[in-house]
Structures are given as structure tokens and as C-alpha cells.
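Please treat every number below as a calculation from the coordinates, not as lab data. Keep in mind the model is a prediction, meaning the values are calculated, not measured. When we count neighbours, we look across all protein chains shown, and the Cβ atoms used for this are built from the backbone with ideal geometry, even at glycine.
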Amino acid sequence: MRWKFNSFFTLGLLYHSAVPVPSKMCSIVKATDPSAALIAAKYLKEGHVVALPTDTLYGLACNCNNSKAINLLYQIKNRDSNKPLAICVSDITDIPKWADIHDISFDLLAELLPGPVTLVFDRSPRLNLELNPNVAKVAVRIPDHVFLGQLLKLMDFPLALTSANPSHEPSTLCISEFKSLWNQLGVVIDGGVIPNPDRFGSTIIDLSETNYFSVLRQGVCFDKILKILNKYNIVERKRLHSST
């Protein structure tokens, strides 16, 4: 199976407070709330899907080791089950736990991450077999976002991550743009408007072949990312179109 990517979250909702949230309603928590990361972590550990800001767009996240949560994420997004999800980890030292990085140096990873780039590697046998079954590779993100960094430090598992919009609809820069999904989420983390008017997602780079890379999608900071790869003498293979 080829790895495919596409352009990849208030009325009736309550901001986090001491007041219990009624059933069928989702709470909104400001990303600047000191308890925001703990609240999101609680929902994720309970198997919910959470909306949160990243360094490019708003995303939907769940526990990548929880198969029921993964299925729920696909249902909420109305996403084709054959389209794989990326995973999100806290630090570059976490990547080898879930992916085979071959001879990629940590110096290279440290220059690319955290940042608006998704790196694709061969998947590790440790990864949940029900996450992207029949796909030999895994895409890894470490977004450069304060809230997400705080949240990931509380997790003992990677997050499965995709954009916070129904499939085939535009990516989102503020929480009001995906309000049709609110009542299906555990919590929405409001990071304000993300300054990305072009709505580009992360640049996606396949590093699964030793000493070579392939561009799967041109996104944010594309030229900067290419310069870093060239600095480490990683050679580009034939460039793919973003629709592949």
C-alpha cells in the first residue's frame, strides 16, 4: 500500500470551569489555562478524541495505542480507513521506540524537530498493529507548540494525529471552523487563531531509505527543511505530488 496524504478544529459549549459539563456537550479550555495539559491528558487517557492547536493547523488527537479511540477518530473525521494517521511524540529520543530511523543522525533530527515537518520512517513492531494496518511506514510529528509540548510530556504513549476538519473540507485555523465536530470530542483546546493564512500543513519528508529523502508534500518551511537535509548530504529522490 502506498503512503497517501491529503491536505492535512461558541455556541452551546462551555469554557473550563468548576461547573459540570452537561452530557452531549464538550468543554472548551484555553491553551493558556495552567490546567489545560492535564485536562487534555485525562481525556486522552480515557480514550476520547481531543482537538488541539499545533504549529501549523488545528488537529484531532487520540491515544495511538487505543484501537477504539483510533476508530472513533476516523468516524469523527469521516476519514477513509485506508488513509494512515501520523503519530506525535514528545522528543526525538522517542522516535526510535516507534520507528526504524536506520542511520539518520540525531543531529539532523534535532535541527528538523520540533517543527512543522512530518518525517516518514519504516514502522517499528512496537507500534499498535491496528494503527495504519498493512502500512509499512509511520509518519512522525513533534510540533513546535508550547501547549502540545506540555501535553506530550504527560503522555506515556504517542498521539495519533490528523487535521481537525471533516475529510475533504478545508483545514482549520480556529476552533469555530470545526464546530460541527465539537459534540463528538472530549475537549477542545483553544489556542486562538493560528497564523497560517495559506492553511499549509506540515512538510512531509520520507526518510525511510538510507541517505535519501522523498518529498511527499510541500508545506510550511519547505525551503528551510530542504536546506537542512542538504546540509547532512541527504539526497532527494524523485519528488511526488501532494495528492499522492
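When the chain is fully extended, how far beyond the present Cα-Cα distance does Lys224 get from Asp198, taking 0.36 nm per residue of separation?
7.6 nm
With a ≥ b ≥ c taken as the square roots of the eigenvalues of the C-alpha gyration tensor of segment 184-244, please select rounded if a/c is under 1.5 and otherwise prolate if a/b is larger than b/c or oblate if it is not?
Prolate, since a/c reaches 1.5 and a/b exceeds b/c.
Under 14 Å from a label point 7 Å along Cα→Cβ of Gln75: give me every residue in segment 186-218 with its amide N that close.
Backbone N within reach: 186.
Return the sequence-ordered ³J(HN,Hα) values of segment 231-237 in whole Hz as given by the Karplus equation 6.51 cos²θ - 1.76 cosθ + 1.60 applied to θ = phi - 60°, using x for Gly and Pro.
Taking θ as phi minus 60°, the curve returns 4, 9, 6, 8, 9, 7, 7 Hz for segment 231-237.
In debye, nearest 20, what is the charge dipole magnitude of the chain about its Cα centre with +1 on Lys and Arg Cβ and -1 on Asp and Glu Cβ, if you could check?
Taking the Cα centre of the chain as origin, the dipole is about 520 debye.
Between Leu38 and His102, how high is the FRET efficiency from 1/(1 + (r/R0)^6) when r is the Cβ-Cβ distance and R₀ = 30 Å? Nearest 0.05.
Rounded to the nearest 0.05, the efficiency is 0.25.
Which far-off residues, 5 or more places away or on another chain, put their amide H under 5 Å from the one on Val140, with H placed in the peptide plane?
The answer is Ile87, Leu119, Val120, Phe121.
Within segment 110-141, which residues have the backbone N less than 11 Å from the label spot 7 Å out from Arg237 along Cα→beta-carbon, could you tell me?
Only 121-122 fall inside the zone, counting backbone N under 11 Å.
Can you compute 3J(HN,Hα) from phi for each residue in segment 49-60, using the Karplus curve 6.51 cos²θ - 1.76 cosθ + 1.60 with θ = phi - 60°, rounded to whole Hz and x for Gly and Pro?
Result, rounded to whole Hz: 9, 10, 9, 8, x, 10, 7, 10, 9, 7, x, 10.
I need the phi-derived Karplus couplings for segment 209-224: 6.51 cos²θ - 1.76 cosθ + 1.60, θ = phi - 60°, integer Hz, Gly and Pro marked x.
9, 4, 6, 10, 9, 10, 8, 8, 7, 8, x, 4, 6, 4, 4, 4
Which order results if Tyr58, Tyr43 are arranged by neighbouring Cβ count within 10 Å, fewest first?
Tyr43, Tyr58
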